[in-house]
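All of the numbers you see were taken from the coordinates with simple rules; none came from a lab. Values in this document were obtained by computation on a predicted structure and should not be read as measured data.
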């Protein structure tokens, strides 16, 4: 799932804040729905990404990479 998330640079339209880097909520919602939320009082408004909810996925990805590295190191040694 982590590899399918696309990081982008973007400008916020509402407050004219420039050059943020992150995920597009609409895209992230199709890949990891639990990290995206909507304002219950304004369901048609902005989506919010909870980046801390990505941490378990990142830990798992790092663990998998470490296992691959260890396996490769054993074949080289």
Remind me, relative contact order of region 2-76 in percent, using alpha carbon pairs under 8 angstrom and six or more residues apart? 20
If you line up the long axis of helix 55-76 against the longest principal axis of the chain, both from Cα atoms, how many degrees apart are they, to the nearest 10? 20
Among (i) 25, 15, 9; (ii) 34, 15, 9; (iii) 36, 20, 10, the entry that matches semi-axes √(5λ) of the Cα gyration tensor in Å as calculated here: (ii)
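Summing -39500 (n - 2.57) over the DSSP H runs of n ≥ 4 in the chain and dividing by its residue number, what mean residue ellipticity at 222 nm do you reach, to the nearest 500 deg cm²/dmol? Don't skip to the answer; put the middle values down first.
On the way: 2 runs with 29 residues, N = 77.
Mean residue ellipticity, 222 nm, calculated: -12000 deg cm²/dmol.
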